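Trainee: If you scroll down you'll find the structure; I have some questions about it.
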Amino acid sequence: MCMPSPTVDQFIDAVKKTVLANKKWVPPHGRGSLYIRPLLMGTGRNLEVKPSSEYTFLVYASPVGNGLKGVLNLMVEDNVHRATPGGTGGIKAVTNYSPIYKPLTEAKAKGFSDLLYLDALTGSNIEECSGCNIFILKGNVISTPTTHGTILPGITRKSIMEIASDLGYQVEERAIPIKEVFDAEEVFCTGTAMIVKSVASITYQGKTIEYKLGAETLAQKLHATLTGIQTGVIEDKLGWTMVID
Ligand SMILES: *Cc1c(COP(=O)(O)O)cnc(C)c1O
């Protein structure tokens, strides 16, 4: 998108300053978290179709609840595509959300939590949801679609792959045909805001399949492990956390 990136140091410095300036909004332990959202936007005085002459890097934050109890009821969208090959689906661009607002609003009105999108080329493989990645569990294998430009390579996705593999699961990145989803023992989604959320059901062409939920699920175990690392309850052996004061 021809946007210059802030350096890693600038990024970390801005996040630290935002958190310290909003210290009083950090929820008490176990009651939620401070959701931090960095963004980069063009703010130049341009009229032409060309990259902006100036950019603003902004970090904002808000306290959020932990939403542990929530589960997802997904509907497979086989008409609208979230991303197409050659597009911007693989980066976190604001343009990736507006095309799905209409079908998403309609799905929510019918009681679904989110849409599950299929690949635009064949319409037969699952990709991800509107703002989260998806995993399926069968036996000792957890699988998630390969990111090759049409799927956002989420940091939670990456963290969960690492944690699951540490727990002894075989982790696979591959094409996942929609048919296979109906065969899965468990399905869950990942993203910064939700961490890991179990999928209660998936509806595709009028047919609904339900999945295992509750305390015994892998989703719960992964959620507990990642939030444990984030909150300092579990030792961070991977250097994912940073103490600030
Ligand atoms: C943000 C987002 C995710 C999750 O990414 P994280 O880095 O884990 O928060 C997945 N898919 C889409 C489309 C997203 O916008």
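We did not get these values from a lab; they are worked out from the coordinates using the rules stated. Computed from a prediction, not measured in an experiment: that's the story for all the values here. Quick reminder, even Gly has a Cβ in these numbers, built from the backbone with ideal geometry, and neighbours come from all protein chains shown.
Trainee: Dipole of the chain (Lys/Arg Cβ +1, Asp/Glu Cβ -1, origin at the Cα centre): which of Q220, G206, L104 lies farthest to the positive side?
Mentor: Toward the positive end, the furthest listed residue is L104.
Trainee: Within the chain, which DSSP H helices have Cα atoms that stretch 15 Å or more along the helix axis and a mean Kyte-Doolittle hydropathy of at least -1.0?
Mentor: Result, helices passing both filters: 8-21, 155-166, 218-230.
Trainee: Continuing with the same structure: Put a dot 7 Å past each Cα toward the Cβ at H29 and S5; how far apart are the dots in nm?
Mentor: Modelled inter-label distance: 3.5 nm.
Trainee: Which trypsin sites (Lys or Arg not before Pro) from region 105-145 combine a DSSP loop assignment with at most 12 other Cβ atoms within 10 Å? Intermediate results must be reported in sequence, preceding the final value.
Mentor: Details: sites: K108, K110, K138; in loops: K110.
For trypsin sites (Lys or Arg not before Pro) across region 105-145 that sit outside H, G, I, E and B with at most 12 neighbouring Cβ atoms in 10 Å, the list reads K110.
Trainee: Mean-square fluctuation check for the chain, GNM, Cα pairs under 10 Å: which of L74, L34, L58 is largest?
Mentor: L58
Trainee: Any idea how far apart K212 and D78 come out in nm if each label point goes 7 Å out from Cα toward Cβ?
Mentor: 2.8
Trainee: Can you tell me how much longer the chain between A93 and E48 gets when fully stretched, taken as 0.36 nm per residue apart minus their C-alpha distance, in nm with one decimal?
Mentor: Here the answer is 14.2 nm.
Trainee: Which value in deg cm²/dmol, rounded to the nearest 500, describes the helix-derived mean residue ellipticity at 222 nm for the chain, given -39,500 (n - 2.57) per DSSP H run of n ≥ 4 and division by the residue count?
Mentor: On the way: 5 runs with 52 residues, N = 245.
It comes out at -6500 deg cm²/dmol, rounded to the nearest 500.
Trainee: Per residue of region 76-82, what does 6.51 cos²θ - 1.76 cosθ + 1.60 with θ = phi - 60° give for ³J(HN,Hα)? Whole Hz please, x for Gly and Pro, Karplus curve as stated.
Mentor: With the stated coefficients, region 76-82 comes to 6, 9, 10, 10, 9, 10, 5 Hz.
Trainee: Another question about this same structure. Assign unit charges at the C-beta atoms only (+1 for Lys and Arg, -1 for Asp and Glu), then state the dipole size of region 8-64 relative to its Cα centre in Debye, rounded to the nearest 20. Please report the intermediate quantities before stating the final value.
Mentor: Values: 8 positive and 4 negative charges, 67 e Å.
Computed charge dipole of region 8-64: roughly 320 debye.
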